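*Asks:* Take a look at the following structure, please.
The values are calculated or read from the model by the stated rules, or taken from the named source; none is laboratory data. Remember, it's a predicted structure, so these values are computed and weren't measured experimentally. Cβ sites come from the backbone with ideal geometry, for glycine too, and all protein chains shown count toward neighbours. Only protein heavy atoms, including side chains, enter the accessible area calculation; ligands, DNA and RNA are left aside. Shrake-Rupley method; radii C 1.70, N 1.55, O 1.52, S 1.80 Å.
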Amino acid sequence: MSELLLEVSGLKKYFPITGGFLGRKQGEVKAVDDVSFFVKKGETLGIVGESGCGKSTTGRLLMRLIEASDGKVIFEDKEITSMSKNELRKVRRDIQMVFQDPYASLNPRHSIEQILEEPLIVHGIGTKEERKKRVREMLEVVGLSSYHAKRYPHQFSGGQRQRIGIAKALMTKPKLIIADEPVSALDVSIQAQVLNLMKDIQKEFGLTYIFIAHDLGVVRHISDRVGVMYLGRLIELADSEELYENPKHPYTQALLSAVPIPDPDIRRETILIQGELPSPANPPSGCAFHTRCSQCMDICKTERPAERYLNGHYVACHLYNE
Ligand code: SF4
């Protein structure tokens, strides 16, 4: 197995629900509930699920943009979850994020040069000249030109702004990029361009990606392995091809049945997921998917399915108890 870059074990994030006259805690939302996985150097791990499944919260927990309620995140043998602020600042050079809405993460009053320089200034990297040189280099890397450095975010299209978001993430020469729905806000034709750019950059700089998205079709083209989340839990994880050809969890099977196949000769029956997504503040007992699963058994309503590994294919479902 290739070297591990990141290891996540038992990660939890419970947000308190407060209310009433004294603002007392009345419950909690289990946004991420006991999630474990690893990421190998140089690979892309896709994480998919419906909105509210905890995938974006997981991404933020990995960088400690929010604090975990429990669990460990280990990056290159260093435990991020227990680091001092100073140590964390150093590690953040190596882990960067690309967000869904680049416009929101690009200060509209700053020129592209100022925006791209900022991470270097924050981390005290390079002289003014070196910083400007890197800005020009990174603009070229993402398919823009050095003259774009003097322009402002509103002067760019959505696709170009996402290229700038990617350039910003690359400025500190990170090892890991966590991309949270990086192409969801873009037109389909532009999505392919940005995905191809991300793939090229990954090869060129030997990057590792965690690619978070709600669309299984998008994730397939970039991921080596894919994990599926449902209501804060990781319910299946396997090599990309294995997951798409042989999905084991009924939720993944239903999600995949809705992804269009480009070959008109292949027909696939769409599996409808029954009912609404339950509230994460009040998730169903046992298997969280049991209220919507067409294969639900009695045990599913009371017992949380254990983690199973079937030839390296992780699945949490009682159908695989034997
Ligand atoms: Fe369906 Fe039961 Fe498997 Fe949950 S554990 S996905 S309810 S069969």
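*Asks:* Filtering the range 185-233 down to residues that are among the small types (Gly, Ala, Ser) and over 12 Å from the mean Cα position of the chain (by Cα), which residue is nearest to THR58 (Cα to Cα)?
*Replies:* If we take residues in the range 185-233 being among the small types (Gly, Ala, Ser) and over 12 Å from the mean Cα position of the chain (by Cα), then GLY232 is nearest to THR58 (Cα to Cα).
*Asks:* For CYS293, are the conditions met, namely being near the ligand (Cβ under 8 Å from one of its atoms), buried (at least 18 other Cβ atoms within 10 Å of the Cβ), free of Cβ contacts under 8 Å to residues at least 60 places away in the same chain and not in a loop (DSSP other than H, G, I, E, B)?
*Replies:* Taking the combined requirement at face value, the residue does not satisfy it.
*Asks:* If you don't mind, there's one more thing I want to ask. So LYS41 ticks every box in (1) under 12 Å from the mean Cα position of the chain (by Cα); (2) open to solvent by 30 Å² or more (accessible area, probe 1.4 Å) but one. Which box is left unticked?
*Replies:* Status for LYS41: all satisfied but (1).
*Asks:* Restricting to the range 52-107, count the residues that are under 29 Å from PRO153 (Cβ atoms) and of a type in the set (A, V, I, L, M, F, W, C).
*Replies:* 13
*Asks:* With the structure loaded, tell me whether LEU231 is crowded, with 22+ Cβ neighbours inside 10 Å and touching a strand residue (DSSP E or B) at 6+ places or on another chain (Cβ under 6 Å) or whether it fails that test.
*Replies:* For LEU231, the condition - crowded, with 22+ Cβ neighbours inside 10 Å and touching a strand residue (DSSP E or B) at 6+ places or on another chain (Cβ under 6 Å) - is not met.
*Asks:* Hey, another quick one. Can you find, within the range 272-290, the residue that is farthest from the ligand (Cβ to nearest atom) among those that are open to solvent by less than 90 Å² (accessible area, probe 1.4 Å) and closer than 20 Å to ASN246 by Cα?
*Replies:* Among those residues, the one meeting the criterion is ILE273.
*Asks:* Out of all the residues in the range 296-320, which are within 9 Å of the ligand (Cβ to nearest atom), open to solvent by 20 Å² or more (accessible area, probe 1.4 Å) and hydrophobic (A, V, I, L, M, F, W, C)?
*Replies:* CYS296, MET297, ILE299, LEU319 - these are the residues of the range 296-320 that are within 9 Å of the ligand (Cβ to nearest atom), open to solvent by 20 Å² or more (accessible area, probe 1.4 Å) and hydrophobic (A, V, I, L, M, F, W, C).
*Asks:* Of all residues in the range 90-117, which are in contact (Cβ under 8 Å) with a residue 60 or more places away in the chain and touching a strand residue (DSSP E or B) at 6+ places or on another chain (Cβ under 8 Å)?
*Replies:* ASP94, ILE95, GLN96, MET97, VAL98, PHE99, GLN100
*Asks:* In the range 205-228, is there at least one residue being closer than 22 Å to ILE95 by Cβ, of a type in the set (Lys, Arg) and open to solvent by 20 Å² or more (accessible area, probe 1.4 Å)?
*Replies:* No, because not a single residue in the range 205-228 is closer than 22 Å to ILE95 by Cβ, of a type in the set (Lys, Arg) and open to solvent by 20 Å² or more (accessible area, probe 1.4 Å).
*Asks:* Could you pull out the residue among LYS30, LYS13, LYS25 that is modelled with pLDDT of 95 or more, assigned to a strand (DSSP E or B) and open to solvent by 20 Å² or more (accessible area, probe 1.4 Å)?
*Replies:* LYS13
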